[in-house]
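Asker: Let me begin by handing over the structure; questions about it come next.
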Amino acid sequence: MLRRDFLRTAAGSVAVSALGTFSPSIFANAADSTPQIGFIPAEEKDGWIWYDAAMLPMEGRAWENEERFSPFDRFPKRWMEKIPVRGLSTNSSGLALRFITNGKIRITYDLTGGDLAMYHMPATGKSGFDLYGRDNAGKMRFIQMIQRGKTLSEPMTLNTPAGLPENDGKREFMLYFPTYNGVKSFRIAVEKGKVFEAAPPRKLKPILFYGTSIMQGGCSSRCSTCAPAIVGRRLDLAHWNFGFSGSGKMEPVMAEAFAELDPSVYCLDCNWNMNPDMIRERL
């Protein structure tokens, strides 16, 4: 593969600037991208049915069915052994759970990193989770931010506002994962006897975002307020977040990896960490 072909690695895809204007028409011929997979409970305890997120379908996880060192890594094992951003790939930026329930929700989690914040980024953005619900206009509405330290071992009941529309008593939710921390484990529960199922599959293919710390989510106050997440909600599309702090330098091996995927659009914002020679050589 020629390096100048980085922007043309997937047939039929469109490359756009991260600062450009999106038009929904470019997604018109895309196919369903998310399989409908049933949720299998891990255990029942005190009237709650618990599920292990490692066993659930995750939105934003490319190469969905491949072996991983961790289910919350952004690359599968075979690429983690080749790419120059293996450490940052363990950050769960772009990953999210989409589900439907008619009951209350509880969670527990354990993060991989104990440094929850940075001097220029709060813990809510670096290491927090965000819950959204679909409103009467069909848009995803912010409900709650969750950040209770590195480990939340005591089950926490999340807000599920009564104002959200219901379909036979069921409501759709989306739970975003941290941008600058990794997830060691995450468990979610609903009340016994309540519905807990996958949200409807996306009808259009995801957007692939590739770039630097800005693309990864720095320095957003919450994990859902970084540019890729905002674009995903506005277009009601899934996205893959391949932003890497201090990197995003268009190494040829990254192009080889992305060539295996089939996004609707490649959105690249890489210049910030590249010098003029790198840009001329790789773009």
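Asker: Kindly flag which residue pairs out of Lys104/Lys184; Lys170/Lys205; Lys45/Lys104 have an alpha-carbon separation exceeding 18 Å in this structure.
Answerer: Checking Cα-Cα distances, Lys104/Lys184; Lys170/Lys205 exceed 18 Å.
Asker: Which residue, Asn167, Asn271, Asn102, has the most motion in a Gaussian network model of the chain that connects Cα atoms within less than 10 Å?
Answerer: Comparing Asn167, Asn271, Asn102 in a Gaussian network model of the chain, the most mobile one is Asn167.
Asker: Quick one: grab the alpha carbon gyration tensor of region 59-122, order the square roots of its eigenvalues as a ≥ b ≥ c, and give me rounded if a/c is under 1.5, else prolate or oblate depending on whether a/b is larger than b/c.
Answerer: Here region 59-122 falls in the oblate category.
Asker: Same structure, new question: If you work out Cα extents along the principal axes in Å from the coordinates, which of (i) 54, 47, 37; (ii) 88, 50, 33; (iii) 60, 42, 32 do you get?
Answerer: (iii)
Asker: How big, in percent, is the set of alpha carbon pairs in region 78-208 lying more than 18 Å apart?
Answerer: 59 percent
Asker: Under 10 Å, Cα contacts only: if you run a Gaussian network model on the chain, which one of Asp110, Asp135, Asp46 comes out with the highest mean-square fluctuation?
Answerer: Top of the fluctuation ranking is Asp46.
Asker: Neighbour counts of other C-beta atoms within 10 Å: give me Cys219, Cys270 arranged from fewest to most.
Answerer: Cys219, Cys270
Asker: Okay, next question. Report the residue, chosen from Thr157, Thr90, Thr179, that carries the largest GNM mean-square fluctuation when the chain is represented by alpha-carbon nodes joined by springs under 10 Å.
Answerer: Thr157
Bear in mind these aren't lab numbers, they're just calculated from the coordinates by the rules spelled out. This is a predicted model, so every value here is computed, not measured. With ideal geometry, Cβ positions are generated from the backbone for all residues, glycine too; neighbour counts draw on all protein chains shown.
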